[in-house]
Amino acid sequence: MRVWPLLLLSLAAAAPAAPALDDCAVDAEAAQHALNTLRASSHVCGDRRWPAAPPLRWHAALGEASRRYAVELATLDRLNHIGADGATLRTRLHEAGYVMRVSGENLAGGPETLDEALAQWLASPTHCENLMTAEFEDFGLACVTGPGKLQRYWVLQMAASAGRRPRSSPDQSP
């Protein structure tokens with residue numbers, strides 16, 4: 001008599017199924033164009049006008065870190081900059097192999113498109129400031145859909161590597 005296969009089948013049936021998640025198909029080139037178009041103009045973030053900022057470039061490690069965190073957010077159906085295990089953005093970037101000098105993270109839940117997510121971030125002073133921070137040089141972006149209340153989870157991570165010299169344009173930051 002084979003008890004193990006029946007026991008394994010019973011355990012598998014009792015375990016809760018992981019939610020079905022899908023990437024929202026973020027195109028790195030299109031995202032880079034959208035972000036850099038936005039950064040090419042000055043913006044008012046809260047009570048402060050931020051000047052145009054230098055362009056960002058796609059960084060694969062930031063893209064992967066963003067994707068992994070978007071999956072976590074969609075799985076847990078929540079938005080929070082501190083991961084379920086207590087991980088911070090610095091931790092997530094370090095685990096992705098990116099040693100940062102400075103970094104920022106924007107999260108959004110619900111927007112159907114990148115344009116909608118960008119509009120939501122521009123309407124929030126803190127998120128807008130992140131978008132316009134001149135010190136950021138690299139970015140990664142991900143969107144994951146899940147069955148939760150927000151349905152789409154966007155993660156934008158922007159940073160500058162500790163290995164690169166800071167940009168020497170003091171007029172680019174507020």
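Things worth noting here:
Okay, residues lined up against (1) more than 25 Å from residue 148 (Cβ to Cβ); (2) exposed (fewer than 15 other Cβ atoms within 10 Å of the Cβ); (3) hydroxyl-bearing (Ser, Thr, Tyr); (4) touching a residue at least 40 places away in the same chain (Cβ under 8 Å):
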{"residue": "70", "(1), (2), (3), (4)": "no, no, no, yes"}
{"residue": "77", "(1), (2), (3), (4)": "no, no, no, yes"}
{"residue": "80", "(1), (2), (3), (4)": "no, yes, no, no"}
{"residue": "87", "(1), (2), (3), (4)": "no, no, no, no"}
{"residue": "95", "(1), (2), (3), (4)": "no, yes, no, no"}
{"residue": "98", "(1), (2), (3), (4)": "yes, no, yes, yes"}
{"residue": "120", "(1), (2), (3), (4)": "no, no, no, no"}
{"residue": "123", "(1), (2), (3), (4)": "no, yes, no, no"}
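- Flag for residue 53 being surrounded by 14 or more Cβ atoms within 10 Å (Cβ to Cβ), under 24 Å from residue 134 (Cβ atoms) and not hydroxyl-bearing (Ser, Thr, Tyr): yes
The numbers here are math on the coordinates, done by the rules we state, and not lab data. Values in this document were obtained by computation on a predicted structure and should not be read as measured data. We place every Cβ from the backbone using ideal geometry, glycine too, and count neighbours over all the protein chains shown.
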